[in-house]
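S.K.: There's a structure below that I have some questions on.
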Amino acid sequence: MHSSLALHHGHIRTLDPRHPVAEALLIRGETLTAVGSDEEIRSLDRNAESIDLQGRTVLPGFNDSHLHTLGYGRFLGVTDLRGCASVEEMLLRLRPALGDPEDPDSWLTGRGWDQERFHALPQGPSRPFFDRSCLDGLPTRRPLLLERNCGHVGVANTRGLQVLGLFREDPFGPTQVDRDEKGEPTGVLREDALEWVRGQVYRIDFDSALRFFARAGEAFARRGITSVQSDDLGPLGTDLDMLLRLFGALREKDLFPVRLNEQFLLPRREDLETFLEGGYRTGQGDGHFRFGPLKMLLDGSLGARTAALRRDYADDPGNRGLLLYGPEALKERVARAHGAGMQVAIHCIGDRSLQTALEAYEAALAEVPRDARHTIVHCQVGDGELYDRMARLGVVAAVQPPFVASDQSIAPPRLGADRLAGAYPVKGLLDRGILTTGGSDAPVEDPAPLRGLWAAVTRQREPGDPAEGWLPGERISFPEALDLYTRAGARLSFEEHVKGALIPGFYGDLTVLREDPFRVNPEALPDLPVDLTVCGGRITWRSPDL
Ligand SMILES: [Zn+2]
């Protein structure tokens with residue numbers, strides 16, 4: 001490996017207001033050491049590995065401020081079966097996954113089929129499901145589970161049923177595990193039986209978790225991401241010890257090409273105490289794996305009507321959603337973490353959870369004032385008064401612009417017109433001086449920051465729909481949107497002195513795009529090719545076209 005990397009003939013947008021544009025740059029080891037003209041950079045180091053960018057645009061590496069790396073890596077291993085028009089098409093889509101060098105007992109999984117779309121099955125009021133015989137023709141010895149798009153029905157192959165022991169015994173009965181006239185399971189699994197099977201199939205152990213992290217990291221790098229702020233304890237059953245061992249192994253085996261700030265989800269009081277007694281605090285670790293905030297979930301989602309609202313759901317009178325912690329319990333937990341020096345990040349979708357979280361932050365900050373950068377993750381429903389309060393307290397909003405595209409049909413009936421006015425804010429937050437960061441919540445949304453930039457700028461769900469964008473007063477400019485995914489993300493993790501801009505002395509973290517995103521039509525943003533990603537001076541993604 002070269003110890004120096006020089007990029008030439010680029011259109012470098014540094015996001016450094018003192019030197020906004022340059023042609024070339026030099027990275028030595030992990031650090032960006034110079035930004036300037038082609039001649040200047042060449043004269044500094046004639047032996048550096050050099051890449052001719054041929055006019056491509058260089059930006060600071062993207063930073064996703066909230067996602068789930070482990071969950072996303074697991075999701076990537078599941079074959080997407082949405083839109084399949086036949087069993088044959090499903091099997092065809094599964095074929096690339098057959099060759100994975102995994103052990104013969106590891107499950108092959110697919111999700112999203114819908115037999116109503118299968119042309120070959122008999123027409124009728126409700127088409128029958130396919131069975132295990134359809135799957136046994138695949139050239140694999142591995143167990144297989146394919147879930148329907150609804151998540152209530154799945155089909156396993158014969159090997160899968162054997163591994164699950166469902167030929168020998170059946171604790172669920174015939175309404176859950178379908179059987180043929182000989183009494184043998186057909187492969188169709190429903191409801192509780194499927195839920196149980198899922199628990200077996202998607203169980204995460206150390207080795208699979210390592211694979212999921214590695215797979216996700218590779219996908220991030222391809223999308224131009226160099227930093228993520230990631231919540232991963234959930235699927236590990238809050239096993240902090242295992243998570244820290246995973247980070248150690250990822251580093252040692254060089255399997256994770258992205259910087260990661262962990263957002264520690266520790267829902268039980270004793271888990272937080274163990275964490276604090278272990279001496280762990282926000283900001284520990286190094287530039288690769290760092291300790292981020294304590295993460296807390298305060299409510300659910302608008303889709304499921306579990307987000308906590310101050311008034312009833314417009315489409316469900318009497319329901320205001322639910323808070324997962326009472327106001328006093330939350331205050332106590334936040335005060336404990338804040339007093340110990342932790343940053344805190346709270347998942348809030350509804351305005352009641354936002355208000356409750358802000359009250360807890362306000363009390364803790366009054367007790368021990370400091371630059372804590374406590375965070376509201378999502379921040380989807382609120383009003384001017386709540387947002388003013390966020391600004392006053394220095395609370396950060398970690399928003400997900402792609403939700404704007406996905407939630408346009410869900411939010412209006414749930415909230416009604418009056419509450420919609422202050423919902424899914426971005427511009428309103430920036431105008432108040434609130435530090436606002438961009439993320440994807442992957443696997444909820446694809447982690448591609450270019451998709452998030454497009455959503456933040458257009459607020460459309462598809463090109464031209466709606467023409468002015470959804471809640472168009474919240475649209476922001478491209479430079480503002482880019483800030484969400486670069487400099488603001490760095491500030492969120494207290495790393496603005498090393499990340500988020502291309503300034504000598506900062507990490508050599510950058511992404512190279514085929515065209516200049518400041519100049520293209522916003523509708524072209526999601527498909528702009530990422531040609532190169534460099535993290536700490538190392539090339540983590542390079543397209544065949546460069
Ligand atoms: Zn999340």
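S.K.: With the structure loaded, tell me whether Leu7 is closer than 25 Å to Pro479 by Cα and crowded, with 19+ Cβ neighbours inside 10 Å or whether it fails that test.
M.R.: Answer is yes for this residue.
S.K.: Take Leu236 and decide whether it is open to solvent by 10 Å² or more (accessible area, probe 1.4 Å), within 16 Å of the ligand (Cβ to nearest atom) and of a type in the set (A, V, I, L, M, F, W, C).
M.R.: Yes: the conditions hold for Leu236.
S.K.: Specify which of the listed residues (Ala391, Ala398, Ala357, Ala366) is within 16 Å of the ligand (Cβ to nearest atom) and free of Cβ contacts under 8 Å to residues at least 60 places away in the same chain.
M.R.: Answer to the check: Ala357.
S.K.: Looking at this structure, is Asp64 part of a strand (DSSP E or B) and either more than 16 Å from the ligand (Cβ to nearest atom) or closer than 30 Å to Phe289 by Cα (or both)?
M.R.: Judged against the criteria, Asp64 is a match.
S.K.: Just one of the numbered conditions (1) closer than 22 Å to Gly536 by Cα; (2) of a type outside the set (Ser, Thr, Tyr); (3) within 16 Å of the ligand (Cβ to nearest atom) is not true of Asp231; which one?
M.R.: (1)
S.K.: Among the residues of region 425-444, write down those that are within 16 Å of the ligand (Cβ to nearest atom) and buried (at least 21 other Cβ atoms within 10 Å of the Cβ).
M.R.: Correct list: Thr437, Gly438, Gly439, Ser440, Asp441, Ala442.
S.K.: Among residues belonging to region 491-534 that are assigned to a strand (DSSP E or B) and touching a helix residue (DSSP H, G or I) at 6+ places or on another chain (Cβ under 7 Å), point out the one that is farthest from Leu7 (Cα to Cα).
M.R.: Among those that are assigned to a strand (DSSP E or B) and touching a helix residue (DSSP H, G or I) at 6+ places or on another chain (Cβ under 7 Å), it is Val530.
S.K.: Given the criteria at pLDDT below 95, away from the ligand (no atom under 16 Å from the Cβ) and either open to solvent by 50 Å² or more (accessible area, probe 1.4 Å) or not in a helix (DSSP H, G or I) (or both), does Gly321 qualify?
M.R.: yes
S.K.: Please verify whether Val377 is open to solvent by less than 10 Å² (accessible area, probe 1.4 Å), touching a Ser or Thr at 6+ places or on another chain (Cβ under 8 Å), modelled with pLDDT of 95 or more and assigned by TED's automatic domain parsing to the domain that holds Leu265, treating the condition exactly as stated.
M.R.: So Val377 fails the test.
S.K.: Mind checking which residues of region 433-458 are free of Cβ contacts under 8 Å to residues at least 60 places away in the same chain and more than 19 Å from the chain's Cα centre (by Cα)?
M.R.: Gly433, Ile434
S.K.: Let me ask another. Kindly indicate whether His347 is open to solvent by 20 Å² or more (accessible area, probe 1.4 Å), assigned by TED's automatic domain parsing to the domain that holds Arg432, within 16 Å of the ligand (Cβ to nearest atom) and modelled with pLDDT of 95 or more.
M.R.: Yes, satisfied.
S.K.: Looking only at region 447-469, filter to residues that are among the small types (Gly, Ala, Ser) and part of a loop (DSSP other than H, G, I, E, B); which one of those is surrounded by the most Cβ atoms within 10 Å (Cβ to Cβ)?
M.R.: So the residue we want is Ala448.
S.K.: Pairs only if they're at least six apart or on different chains, beta carbon under 6 angstrom, first in region 232-247 and in the same structural domain as Gly287 (by TED's automatic domain parsing), second assigned to a helix (DSSP H, G or I) and among the acidic types (Asp, Glu); list them, first residue then second.
M.R.: As it stands, the answer is Thr238/Asp271, since those pairs meet every condition given.
S.K.: Only one of Phe256, Phe264 is in contact with a Leu (Cβ under 9 Å, 6 or more places away or on another chain), in a loop (DSSP other than H, G, I, E, B) and surrounded by 16 or more Cβ atoms within 10 Å (Cβ to Cβ). Can you tell me which?
M.R.: Phe256
S.K.: Another question about this same structure. Checking the condition within 25 Å of Ala85 (Cβ to Cβ), open to solvent by less than 60 Å² (accessible area, probe 1.4 Å) and more than 32 Å from the chain's Cα centre (by Cα), which residue from Thr158, Thr140 passes?
M.R.: Unique residue meeting the criteria: Thr158.
S.K.: Which one of the conditions (1) modelled with pLDDT of 95 or more; (2) assigned to a loop (DSSP other than H, G, I, E, B) does Leu246 fail to meet, given that it meets all the rest?
M.R.: Unmet for Leu246, out of (1) modelled with pLDDT of 95 or more; (2) assigned to a loop (DSSP other than H, G, I, E, B): (2).
S.K.: Residue check, Arg352 against (1) buried (at least 24 other Cβ atoms within 10 Å of the Cβ); (2) under 15 Å from Ala308 (Cβ atoms), all met but one. Which one?
M.R.: With respect to (1) buried (at least 24 other Cβ atoms within 10 Å of the Cβ); (2) under 15 Å from Ala308 (Cβ atoms), Arg352 is out only on (1).
S.K.: A follow-up question, please. Is it true that some residue in region 49-61 is polar (S, T, N, Q), under 30 Å from Glu480 (Cβ atoms), surrounded by 20 or more Cβ atoms within 10 Å (Cβ to Cβ) and in contact with a Gly (Cβ under 6 Å, 6 or more places away or on another chain)?
M.R.: no
Residue by residue, here is whether (1) open to solvent by 20 Å² or more (accessible area, probe 1.4 Å); (2) in the same structural domain as Arg259 (by TED's automatic domain parsing) holds:
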residue: Pro479; (1), (2): yes, yes
residue: Asp483; (1), (2): yes, yes
residue: Ala488; (1), (2): no, yes
residue: Glu495; (1), (2): no, yes
residue: Gly508; (1), (2): no, no
residue: Asn521; (1), (2): yes, no
residue: Val534; (1), (2): no, no
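The values are calculated or read from the model by the stated rules, or taken from the named source; none is laboratory data. If you're wondering where the values come from, they're calculated on a predicted model, not measured in any experiment. Here the Cβ is made from the backbone with ideal geometry for all residues, glycine too, and neighbour counts use every protein chain on show. Keep in mind that these areas ignore ligands, DNA and RNA; they rest on the heavy atoms of the full protein, side chains included. Shrake-Rupley method; radii C 1.70, N 1.55, O 1.52, S 1.80 Å.
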